[in-house]
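Heads up: the structure comes next, in structure tokens.
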Amino acid sequence: MLGRVTTPQNLDERFRDAVSALQPSGRRPAPDEPIRDGSALTGARARELFDAQLTSRHLDLAARWLRSFNEGFYTIGSSGHEGNAAVAAALRVDDPALLHYRSGGFYCARALQAGVESDDESRKDPLVEAARDVLRGVVAAATEPIAGGRHKVFGRADLQIIPTTSTIASHLPRAVGLAFGIARGKQTPWPGDAVAVASFGDASVNHATATAAFNTAGWYDHTGQRLPLLLVCEDNGYGISVPSPDGWTAETLRGRPGIRYFSADGCDLAATYDAAREAADWVREQRRPAVLHLTMVRLMGHAGADAEVAYRSAEEITRDLERDPLVGTARLLVESGTLGVEELLTRYDEVGWQVRKVAEEVLNEPKLTSAAEVMAPLAPRRPLRTARVIADAATRAGGPGAHARSQTFGGKLPEQGGPLTLAQTINATLTDALLATPGAVLFGEDVAVKGGVYGVTKNLRDRFGAERVFDTLLDETSVLGLGLGAGLAGLLPIPEIQYLAYLHNAEDQLRGEAATMGFFSKGAFRNPMVVRVAGLAYQQSFGGHFHNDNSVAVLRDVPGLVLAVPARAADAAPMLRACLAAAAADGSVCVYLEPIALYHTRDLYEPGDNEWLAPYAGPLEWANAHTPIGRARTYPIGSADNLTILTFGNGLPMSLRVAARLAAQGYGSRVVDLRWLSPLPTADLVREASATGRVLIVDETRRSGGVGEGILAALVDGGFVGAARRVAAADSFVPLGPAAQQVLIGEDAITQGAHALLAR
């Protein structure tokens, strides 16, 4: 009797017994005949897909074998989901795909469909090479073709399979954005009639990111906008160890407005192929979103360490084994007369032998052996190339594009007017960016019609049209997902998050999706984007913590992400150009954090002094004014030899005012604006701190987990020897009204900190 745990041996024996019991039909149809009456699946195609299914199954068995002696590091398999091979067959090789971690059959079928061959002339079988790809990932080999040993993912550039590390649904907002990019883009890597496809598990329908993706897809369809998206739900009835309530997944998917529903028994290859072809053809022709719901089974538990005994009965395991999709395909082949029982068993053993041989071969392949190797694709920095992008844009804007630029600005070029505020400078820079980069698109909540809450994007839709500047629905996850997919599709997205506090419900789109793309694809895929975020505190007469948020810890903790904070108009334009150029040149993911309280500030020391304004630089000055990522700016005040103040954002004007008063008392200061919070301008900070030996860190973020902690660590690591003191906000949310001043830093606290250091 079958035990409470499904082992590889159980699965192997059940398959052999079930196939051996099949009764041949006695006929031998032509290869191009349907495998079953009424089906579009031919016998020849069914044989190919069976090979892909077999390869996927034996990969799971090999992964368990490798794990048995600690040489395999990933055992979540595709057993029971092999029907997704038919989905690959119903699509084209040039349809970009984001695959669920149980879509091994799809991966193998697409490799077979594409006929991928290795450069090694001794290896010609695409399925063998697909197996090698996957097993290299299982053993974390540096030779793995997509992630290079950093993770086991389904991905390969020449198969148009985009890697995703999501075990839930966090890749689905990106899939919506990918379909959006295909529909809108003119220079995408894919044909204009391509379909974006993403697979996911049934439990993921309950995830917030899935809800966001479904809602956004339906919203775009409701508004009449094209979205060629096929979502494939692989439903095995379990979310790890939690069973899905009967009928819940189907009801949830079927009830999504604006998304066409298709379904099939995912354990029946012919039914799956027919439904997948119908769904894919409908999406391709209609350019509208659809979901394909496939009922499947999960064999061998969730992973190698899964204790099935805790949540599955022997009866349930037996029931699932009876629906084994490999047995189902074998039955199709035998009953149609396409293959005989002995042929099937022989092929099963042949594929198993090939996969085991590959598993033995990859054991000896090199692993990543240093931090430098691991981090190599994380965030490429090519400052010379970035500077070149800016210089080329300046040449075009000042030469061939000069007339168009003048027309776009309505004949009033910003450099010919008076000095501008921070908000006005950002608006002018965005205008120049949209002019310089035809693929740039700007979007977010209220950015088009209203021009943003603070008028920063005013007139941009009138200048560039609704195709390039548009409002989105009210959902930050969808806003970022749109940018992630659009970037993959060849656009340069500039999404806006209306307030920093609103980012937190969607921040994993930056951490788990945006920042990981280059890392887990060795740069084969990238999602360049510049996310504009209005934030930080000090708004007067408006707010509370939803509009005054001084927490950036989650952004600084994302490897490779660039975090820019322009405090004044003089830096806003060159910093934004640097972010946009880095996105274009290196595929960088940048967050451009705009201090709301400084948007319309005009004065610094006295009312009417206009010291916080700055002239806008015309194209001829862009190259010389370039601000490289990770470089600070120093303001020497007085003799500049008694105290160094390190600050950013709202801390800059406060620190400059304090430094001016100190100068009047005979103390010289160096006020250093970090400008870049990630990467920190470490060399500049250490140099400027060492020049005086006294450092005051003025940090408007919180004392715990704030930027100041990183600055102190950078100074220590950089060998700074001297006195240091920190002024930081309290570990509190920002309250409403005057109470905010009780937890935020102010000039009095900065002055006290400065005098304490100067007294030493």
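Values computed for the structure shown
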{"quantity": "Cα-centre dipole for region 461-553 with unit charges at Cβ (Lys and Arg positive, Asp and Glu negative), debye to 20", "calculated": "380 debye"}
{"quantity": "In sequence order, calculated HN-Hα J values of region 513-524 (Karplus, 6.51, -1.76, 1.60; Hz; x Gly/Pro)", "calculated": "10, 5, 6, 8, 4, x, 5, 9, 10, 6, x, 5"}
{"quantity": "Distant-in-sequence amide H partners of residue 697 (H built 1.01 Å from N, under 5 Å)", "calculated": "646, 725, 726, 727"}
{"quantity": "Cα-based radius of gyration of region 607-760 once divided by 2.2 N^0.38 Å, which approximates compact folds", "calculated": "1.06"}
{"quantity": "Among beta bridges that DSSP assigns inside the chain, antiparallel share in %, nearest 5", "calculated": "20 percent"}
{"quantity": "Note, ³J(HN,Hα) from phi for region 195-202, Karplus 6.51, -1.76, 1.60, rounded to Hz, x at Gly and Pro", "calculated": "10, 8, 10, 9, 9, 7, x, 5"}
{"quantity": "Distance between region 52-70 and region 577-646 - C-alpha centres, whole angstrom", "calculated": "55 Å"}
{"quantity": "Degrees separating the helix 126-138 axis from the principal Cα axis of the chain, which is the longest one", "calculated": "50 degrees"}
{"quantity": "Cα long-axis angle, helix 341-362 against the chain (0 to 90 degrees, to the nearest 10)", "calculated": "30 degrees"}
{"quantity": "Residue (of 732, 624, 374) at the positive-pole extreme of the chain, dipole from beta-carbon charges", "calculated": "624"}
{"quantity": "Formal net charge of residues neighbouring residue 368 (Cβ-Cβ distance under 14 Å; K, R +1; D, E -1)", "calculated": "+2"}
{"quantity": "Neighbour-limited loop hits for trypsin sites (Lys or Arg not before Pro), region 9-107 (at most 14 other Cβ within 10 Å; DSSP other than H, G, I, E, B)", "calculated": "27"}
{"quantity": "Cα-based shape type of region 133-252, given that a ≥ b ≥ c are square roots of the gyration tensor eigenvalues and the cut on a/c is 1.5", "calculated": "oblate"}
{"quantity": "For region 190-310, with +1 on Lys and Arg beta carbons and -1 on Asp and Glu, the positive-most of 295, 195, 219 along the dipole", "calculated": "219"}
{"quantity": "Student exercise, region 503-550 dipole from Lys, Arg, Asp, Glu Cβ charges, in Debye to nearest 20", "calculated": "240 debye"}
{"quantity": "Cα Rg over Rh - region 352-484, Kirkwood", "calculated": "1.23"}
{"quantity": "Shape of region 209-335, Cα gyration tensor, a/c cut at 1.5", "calculated": "oblate"}
{"quantity": "Those chymotrypsin sites (Phe, Trp or Tyr not before Pro) in region 65-169 that DSSP places in a loop and that have at most 10 other beta carbons within 10 Å", "calculated": "69"}
{"quantity": "DSSP bridge orientation in region 626-711 - percent antiparallel, rounded to nearest 5", "calculated": "40 percent"}
{"quantity": "J(HN,Hα) series, region 616-624, from Karplus relation 6.51 cos²θ - 1.76 cosθ + 1.60, nearest Hz, glycine and proline x", "calculated": "8, 7, x, x, 5, 9, 4, 5, 5"}
{"quantity": "Where the chain is the region considered: accessible area per residue in Å², 1.4 Å probe", "calculated": "37 Å²"}
{"quantity": "Cut-off under 5 Å, modelled amide H: who pairs with residue 259 long-range", "calculated": "none"}
{"quantity": "Within straight-line cross-link reach of residue 450, lysines at Cα separation under 22 Å, skipping those fewer than 8 residues along the same chain", "calculated": "412, 458"}
{"quantity": "Dipole-positive endmost among 525, 275, 502 within the chain (Cβ charges, Cα centre)", "calculated": "502"}
{"quantity": "Mean ellipticity per residue at 222 nm, deg cm²/dmol - from DSSP H runs of n ≥ 4 across the chain, formula -39500 (n - 2.57)", "calculated": "-12500 deg cm²/dmol"}
{"quantity": "Share of carbon and sulfur in the accessible heavy-atom surface of the chain [1.4 Å probe, %]", "calculated": "51 percent"}
{"quantity": "Student exercise, the chain dipole from Lys, Arg, Asp, Glu Cβ charges, in Debye to nearest 20", "calculated": "1860 debye"}
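The values are calculated or read from the model by the stated rules, or taken from the named source; none is laboratory data. None of these values were measured; they are calculated from a predicted model. Don't worry about glycine lacking a Cβ; one is built from the backbone with ideal geometry, like all the others, and counts go over all protein chains shown. We work out accessible area using only protein heavy atoms, side chains counted, and drop any ligands, DNA or RNA first. Shrake-Rupley method; radii C 1.70, N 1.55, O 1.52, S 1.80 Å.
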